[in-house]
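First the structure, in the form of structure tokens, and then the observations on it.
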Amino acid sequence: MRYEHKKIDTKWQKKWEEAGIFRASDDFSRPKFYGLVEFPYPSGSGMHVGHIKAYSGLEVVARKRRMQGYNVLFPIGFDAYGLPTENTAIKTGVHPRVVTDRNIEKFTGQLKRVGFSFDWSRVIDTTEEGYYKWTQWIFLKMFEHGLVFRDKTLVNYCPSCKVVLSNEDSQGGKCDVCHSDIVQKTKEVWYLRITEYAEKLLEGLNEVDYLPNIRLQQENWIGKSVGAFVNFPVKETGETLRIYTTRPDTLYGVTFMVMAPEHPMLEKHRALLKNAGELDAYKAECAKKSEFERTQLVKDKTGVRVEGLTAVNPVTGKEIPIYISDYVMMGYGTGAIMAVPAHDSRDYEFAKKFGIDIVEVIRGGDISREAYTGDGEMVNSGVLNGITNKKDAIEKMLSVLAEKGCGERGVQYKMKDWAFNRQRYWGEPIPIVHCPTCGMVPVPYEELPLRLPPVDNFQPGSDGESPLAKIESFVKCRCPRCGGEARRETDTMPQWAGSSWYFLRYTDPHNPDALASQEKMKYWLPVDWYNGGMEHVTRHLIYSRFWHRFLYDIGEVPVKEPYAKRTAQGLILGSDGEKMSKSRGNVVDPNAVVEENGADALRLYVLFMGDYEQAAPWNENSMKGCVRFLDRMAGLTELVRGSGVTPELETAFHKTIKKVSQDIEAMKFNTAIAQMMILINAIYDCGHLTREELGTFARLLAPFAPHLSEEIWESLGGEGFVSLAAWPTWDESKTVDKTMEYAVQVLGKLRGTVTVNADDDRETVLRKAKESEKIAPFLAGKQVVKEIFVPGKLVNFVVK
RNA sequence: GCCGGAAUGAUGGAAUUGGCAGACGUGCCGGACUCAAAAUCCGGUGGUAGCGAUACCGUGCGGGUUCAAGUCCCGCUUCCGGCACCA
């Protein structure tokens, strides 16, 4: 048989579709496997080969599971709300709906040409009414449970996209969409109270199987810190200044306090301030700096002393000056700190610059040169003196604080509440009505979906208002509660909303009455294996775990954690070693590769090119090896002879079945393919194989290169589709060769090898090694003091 | 600055618990087929010395542990990713 990929690809893709063999069935008696890949954002430029790699991993697993008899749910869909589509619409004047449909069609065509075994009957489009109805429904449930609120504070704002971004969307001070610098702006926006779920999100990690670096990144993002709140009385006001610290043990070393420039105490006791003007000027200066500028000036501490307010150390009674400085943030802890310059490098720099006392309370460093942050004996610390263990010192201080009633244990998280809004058109409308008498009123559930109205002008307002604000017919409405005149919210939801629950919808994608039926969710959830990009670990993956956990808490979903297992693929870089991007012109279009080499070659190559989890550059040349392999695979049909098993090949087959089976589970696709190459080389060396053996080979290859495998299977007269044939099993005893080679070392140096029978025992192997021609001279006249024997591998003689 | 990860031939990358470094693929060299080329097939391919068998060296750098180190320990260098004045 010759490998004619064009003919074979379309032939089998058509047959699979007609037979509907990749549709998940709702037969709840069978064992299930739910494999999930991150659904794509349908951009105008279409897919590149990186998408193909991202899906090919679980594609292989899903196909293997089907052959192992599982009822497999392997769905795909489109995360279609978002800024790029809207920006295209603004530029071209074509409605985002039209742009989206066009892009989805393009993506679908590309995916189908690669022959992925997705269940196309369950496709989701997050911009469809039947879908976003439930996105809005979940939002209202959160509103009902107090997890939605509006607040006027400093927000991350992208001046280029003209939208407010969440913390997750502005990592590193850059806009996630356009990479512009983010500015801080005071604005009233919607928030989801994700911080209320910080502890649950952290705990949940204990019951799932995520790659260690994924878990670690989530833990760091949530950023739990354990410490204490301490209340410092303020002499002039009789109130207290509350601070958060992780080092209550250093309380005796406090020589000043620092508040964030925005700290409310300044406003409240303005009358007492002797240098209000100076303080105002500093505050104004800080507000001008972008996040970026603030972090660039790390080394150079600035600040102003608050004249007129004095703190009192609650344990020693000592008076302490208060400063404001932008190295203390209003958004973390209480917006104020106790400064211990001897044992904190930031406080140290500040103290040096402002000439403040530095008092050592932990011995071990040289505080005349730098802050000492290590452990040591407590000194100058009253009751703590002499304690050498940090933990003990902290505990002791906590009990002192408790006794005096001026402090207690506390926990803080770095994660902030989720700024949940876009001042844009192409997103789910937030289903809230503002009523002059009733306030914020949710749209009744029966009225969902709240439809996105048609509009001619998608241009966001220069005043930071959504285009929806200009549509009077949408904005003007009746209050659902009192019936009076009211106005609709005009912000839309951010792009992450639809993707926060899509995996639930796949279990029951056409349900008009619920986000999914309980029965179906009970069967299909959790997702058994979820694969996607590392860039989503601190965005989508956190958000969707939050939504899911909320739905669990209110009894809407049956399992706590949505994803039992999470892995991530490495990027495909351009042939220049750089990240693939349109502007660099190094993007590879999968269609072009399929056209030239066939879908199977593309699938094989993206998995063979390197470690699946590692980034690897695209190399047109390297793909030749995969094409040759497929050619040689097709050529095997000419070598079929005899029946039963070929004794020369039997071990090779069992080894290959074992290795391929195990490597797929460990996502080591590259070595699985290498093993099949070893097998094919062995078959060509042997010159022939049996019909059964070729059938086995076709089944092993089917998850990777299904089109050619089907063709071979058919030519052998195999029953049905190879895609549904039973996965081959191996016999452990047949994976070992009858004879094996031992490496023989003398004093750790390789001096030769010796061939022995597989069932030879230790003594026999050692004897044969000693007697072997190559080794004997090295042992002659020496005394063997030690014999090392590693079964199946090597022997080593230590001689004197 | 902090937290992760990595560094192996010309090249992409292999290498259970420490156990024959370089599997498999690409490229390159030689040969077969061909008028010729492409494709295909066969052989070779870490470095140095030698006609050779063979010897010595070799997994970023410097030490160490061990019969044995790419793998473990100590000290560095470079690169990649994440976080970043988080109290």
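The values are calculated or read from the model by the stated rules, or taken from the named source; none is laboratory data. If you're wondering where the values come from, they're calculated on a predicted model, not measured in any experiment. Note: ideal-geometry Cβ built from the backbone for every residue, glycine included; neighbour counts use all protein chains shown. Surface areas here come from the heavy atoms of the whole protein model, side chains and all, with no ligands, DNA or RNA. Shrake-Rupley method; radii C 1.70, N 1.55, O 1.52, S 1.80 Å.
Out of the residues in the stretch A:33-73 that are under 24 Å from A:TYR132 (Cβ atoms) and in contact with a Leu (Cβ under 7 Å, 6 or more places away or on another chain), state the one that is surrounded by the most Cβ atoms within 10 Å (Cβ to Cβ).
Top of the filtered list is A:TYR34.
So A:GLY610 fits all but one of (1) of a type outside the set (D, E, K, R); (2) without any contact (Cβ under 8 Å) to a residue 40 or more places away in the chain; (3) open to solvent by 10 Å² or more (accessible area, probe 1.4 Å); what number is the exception?
So the condition that A:GLY610 fails would be (2).
Would you check which residues across the stretch A:210-239 are within 30 Å of A:MET667 (Cα to Cα) and of a type in the set (Phe, Trp, Tyr) and list them?
Within the stretch A:210-239, A:TYR210, A:TRP221 meet the criteria.
Taking the stated definitions as given, is A:PHE78 of a type in the set (A, V, I, L, M, F, W, C) and out of contact with any Gly (no Cβ under 9 Å at 6 or more places or on another chain)?
Yes, satisfied.
Evaluate the following for A:ALA336: is it surrounded by 18 or more Cβ atoms within 10 Å (Cβ to Cβ), small (Gly, Ala, Ser), modelled with pLDDT under 90 and touching a helix residue (DSSP H, G or I) at 6+ places or on another chain (Cβ under 9 Å)?
Considered against the rule, which asks whether it is surrounded by 18 or more Cβ atoms within 10 Å (Cβ to Cβ), small (Gly, Ala, Ser), modelled with pLDDT under 90 and touching a helix residue (DSSP H, G or I) at 6+ places or on another chain (Cβ under 9 Å), A:ALA336 comes out as no.
Within the stretch A:663-687, can you find the residues that are surrounded by fewer than 19 Cβ atoms within 10 Å (Cβ to Cβ), more than 7 Å from RNA strand B (Cβ to nearest atom) and of a type in the set (Gly, Ala, Ser)?
A:ALA666, A:ALA682, A:GLY687
Enumerate the pairs (first residue in the stretch A:137-161 and touching a residue at least 40 places away in the same chain (Cβ under 8 Å) and of a type outside the set (A, V, I, L, M); second residue anywhere and assigned to a helix (DSSP H, G or I) and open to solvent by 10 Å² or more (accessible area, probe 1.4 Å)) with beta-carbon separation below 8 Å, excluding pairs fewer than 6 apart on the same chain, so at least 6 apart or on different chains.
As it stands, the answer is A:TRP137/A:TYR445; A:ASN156/A:SER170; A:ASN156/A:GLU291, since those pairs meet every condition given.
Give me a count of the residues in the stretch A:382-420 that are within 28 Å of A:VAL537 (Cα to Cα), outside any loop (DSSP other than H, G, I, E, B) and not β-branched (Val, Ile, Thr).
So the count comes out to 5.
Residue pairs, Cβ under 6 Å, 6 or more apart or interchain, first in the stretch A:2-16 and modelled with pLDDT under 95, second open to solvent by 60 Å² or more (accessible area, probe 1.4 Å) and assigned to a helix (DSSP H, G or I). List them.
A:TYR3/A:ASP631
From the list A:ASN586, A:ASN597, A:ASN591, A:ASN619, which residue is of a type in the set (S, T, N, Q) and near RNA strand B (Cβ under 7 Å from one of its atoms)?
Of the residues listed, the single one that is of a type in the set (S, T, N, Q) and near RNA strand B (Cβ under 7 Å from one of its atoms) is A:ASN619.
Give the stretch A:728-750 a look and list any residue that's acidic (Asp, Glu), in contact with a His (Cβ under 9 Å, 6 or more places away or on another chain) and within 13 Å of RNA strand B (Cβ to nearest atom), or say none.
A:GLU732
Pull out all pairs, ordered by first then second residue, where Cβ-Cβ is under 8 Å, the residues are six or more apart or on different chains, the first lies in the stretch A:530-559 and is free of Cβ contacts under 8 Å to residues at least 60 places away in the same chain and within 30 Å of A:GLN614 (Cβ to Cβ), and the second is more than 16 Å from RNA strand B (Cβ to nearest atom) and hydrophobic (A, V, I, L, M, F, W, C).
Hits for this filter: A:SER544/A:TRP501; A:SER544/A:PHE503; A:HIS548/A:TRP501; A:HIS548/A:LEU504; A:HIS548/A:VAL557.
Would you point out the residue of the stretch A:622-649, among those that are of a type in the set (S, T, N, Q) and either near RNA strand B (Cβ under 6 Å from one of its atoms) or assigned to a loop (DSSP other than H, G, I, E, B) (or both), that is farthest from A:ALA672 (Cα to Cα)?
If we take residues in the stretch A:622-649 being of a type in the set (S, T, N, Q) and either near RNA strand B (Cβ under 6 Å from one of its atoms) or assigned to a loop (DSSP other than H, G, I, E, B) (or both), then A:SER643 is farthest from A:ALA672 (Cα to Cα).
Restricting attention to the stretch A:88-108, which residues are within 23 Å of A:LYS11 (Cα to Cα), open to solvent by 30 Å² or more (accessible area, probe 1.4 Å) and touching a residue at least 60 places away in the same chain (Cβ under 8 Å)?
Residue satisfying the conditions is A:LYS106 alone.
When you scan the stretch A:385-394, do you find a residue that is in contact with a strand residue (DSSP E or B) (Cβ under 9 Å, 6 or more places away or on another chain), at pLDDT below 90, surrounded by 15 or more Cβ atoms within 10 Å (Cβ to Cβ) and farther than 27 Å from A:LEU147 by Cα, even just one?
Checked the stretch A:385-394: at least one residue is in contact with a strand residue (DSSP E or B) (Cβ under 9 Å, 6 or more places away or on another chain), at pLDDT below 90, surrounded by 15 or more Cβ atoms within 10 Å (Cβ to Cβ) and farther than 27 Å from A:LEU147 by Cα.
Could you check, for the stretch A:564-575, whether at least one of its residues is part of a helix (DSSP H, G or I), modelled with pLDDT of 90 or more, at negative phi and surrounded by fewer than 17 Cβ atoms within 10 Å (Cβ to Cβ)?
Checking the stretch A:564-575: not a single residue is part of a helix (DSSP H, G or I), modelled with pLDDT of 90 or more, at negative phi and surrounded by fewer than 17 Cβ atoms within 10 Å (Cβ to Cβ).
So which residues in the stretch A:447-460 are surrounded by fewer than 19 Cβ atoms within 10 Å (Cβ to Cβ), in contact (Cβ under 8 Å) with a residue 40 or more places away in the chain and more than 19 Å from A:TYR132 (Cβ to Cβ), if there are any at all?
Scanning the stretch A:447-460 gives a single hit, A:GLN459.
Find the strands (runs of 3 or more DSSP E) located wholly in the stretch A:421-494 whose residues include 2 or more that are more than 25 Å from A:ASP151 (Cβ to Cβ) and out of contact with any helix residue (DSSP H, G or I) (no Cβ under 7 Å at 6 or more places or on another chain), and list them.
A:476-478
Does the stretch A:346-363 hold any residues that are within 11 Å of RNA strand B (Cβ to nearest atom) and in contact with an Asp or Glu (Cβ under 7 Å, 6 or more places away or on another chain), and which are they?
Result: A:TYR348, single match.
Take the residues in the stretch A:658-684 that are in contact (Cβ under 8 Å) with a residue 12 or more places away in the chain and farther than 15 Å from A:VAL60 by Cβ, then tell me which one is farthest from the chain's Cα centre (by Cα).
Once the filter is applied, the top-ranked residue is A:TYR684.
Please note which helices (runs of 4 or more DSSP H) are completely contained in the stretch A:229-303 and include at least 1 residues that are open to solvent by 60 Å² or more (accessible area, probe 1.4 Å), at pLDDT below 90 and out of contact with any Lys or Arg (no Cβ under 8 Å at 6 or more places or on another chain).
A:276-288, A:291-296
Yes or no, residue by residue, for (1) in contact with a Gly (Cβ under 6 Å, 6 or more places away or on another chain); (2) of a type in the set (A, V, I, L, M, F, W, C); (3) not in a loop (DSSP other than H, G, I, E, B):
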| residue | (1), (2), (3) |
| --- | --- |
| A:LEU504 | no, yes, yes |
| A:THR507 | no, no, no |
| A:ASP513 | no, no, no |
| A:GLU519 | no, no, yes |
| A:TYR523 | no, no, yes |
| A:ASN531 | yes, no, yes |
| A:GLU535 | no, no, yes |
| A:THR538 | no, no, no |
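So A:VAL660 passes all but one of these: (1) part of a helix (DSSP H, G or I); (2) among the hydrophobic types (A, V, I, L, M, F, W, C); (3) open to solvent by 10 Å² or more (accessible area, probe 1.4 Å). Which condition number does it fail?
With respect to (1) part of a helix (DSSP H, G or I); (2) among the hydrophobic types (A, V, I, L, M, F, W, C); (3) open to solvent by 10 Å² or more (accessible area, probe 1.4 Å), A:VAL660 is out only on (3).
Report the residue count in the stretch A:164-212 for those that are part of a strand (DSSP E or B), polar (S, T, N, Q) and away from RNA strand B (no atom under 13 Å from the Cβ).
1
Could you list, in sequence order, the residues of the stretch A:600-616 that are within 12 Å of RNA strand B (Cβ to nearest atom) and in a helix (DSSP H, G or I)?
A:ALA601, A:LEU604, A:TYR605, A:VAL606, A:LEU607, A:PHE608
Quick check on this structure: which one of A:ASP125, A:ASP119 is crowded, with 18+ Cβ neighbours inside 10 Å and closer than 30 Å to A:ASP491 by Cβ?
A:ASP125
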